[in-house]
Amino acid sequence: MERNEPCWCGSGIKYKKCHKAMDDKIKIHALKGEIVPHHSIIKTPAQIEKLKASAAINTGVLDYVAERIKAGVSTEEINTWVNDYTYGHGAIPADLNYEGYPKSVCTSINNEVCHGIPSADIILQEGDIVNVDVSTILDGYFSDASRMFKIGKVSERAEKIVRVTEECVELGLAQAKPWNHLGDIADAINSHAQANGYSIVEDIGGHGIGLAFHEDPFVSYVTPKGSEMLLVPGMTFTIEPMVNEGSPDFFVDEDNGWTVYTEDDGLSSQIEYMVLITEDGAEVLTK
Ligand code: MF3
Ligand code: CO
């Protein structure tokens, strides 16, 4: 791209005054053999505005759930709340019909790692820990986040794994800044999980997000410091480690084809933030 042409990002500013310096810097990393992001996953200012609007609704859904969730509620009711709030705000739940997924939200309880399917037969019990994973499409722009909820008084075991998961995500977030690598986030998360005697699920991870639910890159939380894709301003992806009490091994429900359980029946906990890499760090778009 010529220095005086309008920048590829659509800002209307000349390339030399917009993304040229960043592109030059990326090129140096690429020449060293590093994995670098393609322009197609670097969001433009206009796209970032759209993503923020989608993400605001996504956070609104999680807040709506947070105000209502308690013992005695069925996970089907959570699904209804998600539908009510999302459609009520002119958006669409991204999970519904995603690769055949039958509901609008994932509700994963205790030994369920992820992709728990809401059902009128599943009633939240005092002592449960449950992940509610919400994804929203507004005007074609995707957002995605999940929280852990403790139902009433939970065991010390449950309390600890939820706390450590929060810490893992925050430590990962602190590494989410330009010119770091995805492996820096992973290493911060994995080290903290291991220091607490936990493991991180390996084959299911995070993802780029924006114009599609799951964009490049795949985001692992077990890769070494300094490895994997270079982070540059305008990238949007999720930080969503699955922390297991025991082994990281899991299996998928044979009957529904979705729900993932811990192999050893131990607890599993997950928190998901969707982040935007900025000029000097990261902005959490929804959590
Ligand atoms: N929200 C999940 C994620 O973090 C994806 C759920 S896909 C579904 O990527 F089909 F199970 F809903
Ligand atoms: Co996600």
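The values are calculated or read from the model by the stated rules, or taken from the named source; none is laboratory data. Bear in mind that the values here come from a model prediction, so they are computed numbers and not experimental data. Ideal geometry is used to build each Cβ from the backbone, glycine not excepted, and the neighbour counts take in all protein chains shown. We work out accessible area using only protein heavy atoms, side chains counted, and drop any ligands, DNA or RNA first. Shrake-Rupley method; radii C 1.70, N 1.55, O 1.52, S 1.80 Å.
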Looking at segment 218-232, is at least one residue within 16 Å of ligand 2 (Cβ to nearest atom), touching a residue at least 24 places away in the same chain (Cβ under 8 Å) and hydrophobic (A, V, I, L, M, F, W, C)?
yes
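Let's see how each residue does on (1) under 26 Å from Ile161 (Cα atoms); (2) open to solvent by less than 10 Å² (accessible area, probe 1.4 Å):
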| residue | (1), (2) |
| --- | --- |
| Lys52 | no, no |
| Ala66 | yes, no |
| Glu77 | yes, no |
| Leu96 | no, no |
| Tyr101 | no, yes |
| Gln125 | yes, no |
| Val132 | yes, yes |
Does Gly116 qualify as being at positive phi and not aromatic (Phe, Trp, Tyr)?
no
Have a look at Gly205, Gly210, Gly226 and point out the one that is open to solvent by 30 Å² or more (accessible area, probe 1.4 Å) and of a type in the set (Gly, Ala, Ser).
Gly226
Go over the candidates Asp255, Asp265 one by one and state the one that is assigned to a loop (DSSP other than H, G, I, E, B), free of Cβ contacts under 8 Å to residues at least 40 places away in the same chain and open to solvent by 10 Å² or more (accessible area, probe 1.4 Å).
Asp255
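So that you can scan it fast, the table gives a plain yes or no per residue for (1) within 25 Å of His29 (Cβ to Cβ); (2) more than 16 Å from ligand 1 (Cβ to nearest atom); (3) in contact with a helix residue (DSSP H, G or I) (Cβ under 8 Å, 6 or more places away or on another chain):
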site: Ala176; (1), (2), (3): yes, yes, yes
site: Ala193; (1), (2), (3): no, yes, yes
site: Asp203; (1), (2), (3): no, no, no
site: Gly208; (1), (2), (3): yes, no, yes
site: Asp216; (1), (2), (3): yes, no, yes
site: Ser227; (1), (2), (3): yes, yes, yes
site: Glu245; (1), (2), (3): no, yes, yes
site: Pro248; (1), (2), (3): no, yes, no
Please go through segment 78-91 and pick out each residue that is in contact (Cβ under 8 Å) with a residue 24 or more places away in the chain and either of a type in the set (Ser, Thr, Tyr) or away from ligand 2 (no atom under 16 Å from the Cβ) (or both).
Ile78, Asn79, Tyr85, Thr86, His89, Gly90, Ala91
For segment 150-173, how many residues are open to solvent by 20 Å² or more (accessible area, probe 1.4 Å) and touching a helix residue (DSSP H, G or I) at 6+ places or on another chain (Cβ under 7 Å)?
3
Out of the residues in segment 146-163 that are part of a strand (DSSP E or B) and more than 27 Å from Ala212 (Cβ to Cβ), which is nearest to ligand 1 (Cβ to nearest atom)?
Phe149
Within segment 146-160, residues being closer than 19 Å to Ala71 by Cβ, in contact (Cβ under 8 Å) with a residue 24 or more places away in the chain and away from ligand 2 (no atom under 16 Å from the Cβ) number 8
Pick from segment 186-201, criterion more than 16 Å from ligand 2 (Cβ to nearest atom) and part of a loop (DSSP other than H, G, I, E, B), ranking: surrounded by the fewest Cβ atoms within 10 Å (Cβ to Cβ):
Gly197
